Amino acid sequence: MSETARKPAIRFAGFTEAWEQRKLGELGEIITGSTPSTQVQAYYSDDGIPWVTPTDISENITFNTAKRLSEEGQKVARVVPQNTVLVTSIASIGKNTMLGTTGSFNQQINGLVPNEKENFPYFLLSESALWSEKMKSSAAAGTMQIINKTEFSELKTFVPSLKEQTKIGTFFRNLDNLIALHQRKYDKLKNIKKSCLEKMFPKNGSNVPKIRFKGFTEAWEQRKLGELGEIITGSTPSTQVQAYYSDDGIPWVTPTDISENITFNTAKRLSEEGQKVARVVPQNTVLVTSIASIGKNTMLGTTGSFNQQINGLVPNEKENFPYFLLSESALWSEKMKSSAAAGTMQIINKTEFSELKTFVPSLKEQTKIGTFFRNLDNLIALHQRKLEKLQNFKKACLEKMFV
């Protein structure tokens, strides 16, 4: 490899030297984890050191685990110091972390205890995502995805000077902290919405919710979905007829298209010819998946159509606020799942969907609740976009800041 090829595309100012190729085993001590017998209760305790398995890995730095090793357990385990980089090497290759304290780990993980006189631990953690890609390629040749200790030790990577490692590692640590901050904000908002759905709609046979906006005291009325508007089951214009589809047509929704609360864009769109043989519905139609993937619901942001896996509710907007119905549809889906579970296939047909019962308040209260959830959903979507933007930025940095 040429000297130019051993330099990343983007570097911090002042660094020009080519990176050096090293085996992972040259960067520190390689240790494969083990599992102290789970039959010996004395090996585990709530106040022991963390013992990491792949299912425990959800953060860049790990402090907490489902099981912890007692002093007795540590005597028969492989204990490693803080800053050890843990790399999953069996089946779930790619879930990596760094120990935030002294700890241990199971045999599905290889650990690299860095030589910190020559290597910056967080640099190695960040680069470990690239090691995992190589490991996956190597493991794919076998019948089972597994990289043993010897193979892991022999894996080659490129590293710069300690000074440059420290710059890069500190950059990624700060970026990861920012991503984690936005992830926590996003998760908190999702949990707030979940709580609001539980408390702002009637439950367990009640006709009033636990929490209401000021000024509303009347009981909610029970209605069948078919009484809230027109129920339509979608259809699929023949995909063999190319004239039915066009890039500038109206959206045609399938469950795989549903990723937003309001849908404007779809993989396929119907032409004017396609609309003649499809079931076209207006803006604000609530779409509820009713076969297999029950629970993926959305509202059309424009005139559109949808396939036969979806039942649509075209709201009577003189009596019902569309976004209220969209928000409440999450609760309909829970009932649908319970009903469908009794059959061999999860499916709710048009008649069953029309007969599904729910509770609705006055249009005025619906509007208050629907507007609240629309604003909350917009805030959640904003944080999701920020989070995705940061994740994509990190992905780009990993591609350009390493060799």
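For (1) closer than 30 Å to Leu379 by Cβ; (2) among the basic types (Lys, Arg); (3) loosely packed, with under 15 Cβ neighbours inside 10 Å, each residue gets a yes or a no:
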{"site": "Lys136", "(1), (2), (3)": "no, yes, yes"}
{"site": "Thr157", "(1), (2), (3)": "no, no, no"}
{"site": "Gln165", "(1), (2), (3)": "no, no, no"}
{"site": "Leu175", "(1), (2), (3)": "yes, no, no"}
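Where in the range 247-301 are there strands (runs of 3 or more DSSP E), lying fully within it, with 3 or more residues that are crowded, with 20+ Cβ neighbours inside 10 Å?
286-289, 297-300
Looking at the range 391-402, is at least one residue in contact with a strand residue (DSSP E or B) (Cβ under 9 Å, 6 or more places away or on another chain), buried (at least 16 other Cβ atoms within 10 Å of the Cβ), within 30 Å of Ser126 (Cα to Cα) and at pLDDT 95 or above? Show your work before the answer.
Quick first cut of the range 391-402, residues in contact with a strand residue (DSSP E or B) (Cβ under 9 Å, 6 or more places away or on another chain) only: 402.
So of that shortlist, the ones also buried (at least 16 other Cβ atoms within 10 Å of the Cβ) come out as 402.
Adding the requirement that they be within 30 Å of Ser126 (Cα to Cα) leaves 402.
Now narrow it down to the ones that are at pLDDT 95 or above: 402.
Yes: the range 391-402 contains one or more residues that are in contact with a strand residue (DSSP E or B) (Cβ under 9 Å, 6 or more places away or on another chain), buried (at least 16 other Cβ atoms within 10 Å of the Cβ), within 30 Å of Ser126 (Cα to Cα) and at pLDDT 95 or above.
Being surrounded by 15 or more Cβ atoms within 10 Å (Cβ to Cβ), among the small types (Gly, Ala, Ser) and in contact (Cβ under 8 Å) with a residue 40 or more places away in the chain narrows it down to one of Ser362, Ser339, Ser329, so name that one. I'd like the intermediate steps shown before the answer.
On the way: Ser362 fails: surrounded by 15 or more Cβ atoms within 10 Å (Cβ to Cβ); Ser339 fails: in contact (Cβ under 8 Å) with a residue 40 or more places away in the chain.
Of the residues listed, the single one that is surrounded by 15 or more Cβ atoms within 10 Å (Cβ to Cβ), among the small types (Gly, Ala, Ser) and in contact (Cβ under 8 Å) with a residue 40 or more places away in the chain is Ser329.
Condition first: part of a strand (DSSP E or B) and surrounded by 14 or more Cβ atoms within 10 Å (Cβ to Cβ). Now tell me which residues in the range 179-229 satisfy that. If the condition is that a residue be part of a strand (DSSP E or B) and surrounded by 14 or more Cβ atoms within 10 Å (Cβ to Cβ), then Arg223, Gly229 are the ones that fit.
Ala330 meets each of the listed conditions (1) within 30 Å of Tyr245 (Cα to Cα); (2) in contact with a helix residue (DSSP H, G or I) (Cβ under 7 Å, 6 or more places away or on another chain) apart from (1).
Among the residues making up the range 263-284, those that are under 25 Å from Lys318 (Cβ atoms) and either touching a residue at least 40 places away in the same chain (Cβ under 8 Å) or in the same structural domain as Leu379 (by TED's automatic domain parsing) (or both) are Thr263, Arg279, Val281. In this structure, Ala42 does satisfy being assigned by TED's automatic domain parsing to the domain that holds Lys149, in a helix (DSSP H, G or I) and out of contact with any Lys or Arg (no Cβ under 9 Å at 6 or more places or on another chain). Can you tell me which residue within the range 309-331, out of those that are touching a strand residue (DSSP E or B) at 6+ places or on another chain (Cβ under 6 Å) and not in a strand (DSSP E or B), is farthest from Glu198 (Cα to Cα)? Out of the qualifying residues, it is Gln309. Within the range 373-401, residues that are on the phi < 0 side of the Ramachandran plot have Cβ atoms under 7 Å from residues that are in a helix (DSSP H, G or I) and basic (Lys, Arg) in these pairs: Leu376/Lys193; Ile380/Lys190; Ile380/Lys193; His383/Lys185, counting only partners at least 6 apart in sequence or on another chain.
The values are calculated or read from the model by the stated rules, or taken from the named source; none is laboratory data. The shown structure was predicted, so the numbers you read here are calculated from the model rather than taken from an experiment. We place every Cβ from the backbone using ideal geometry, glycine too, and count neighbours over all the protein chains shown.
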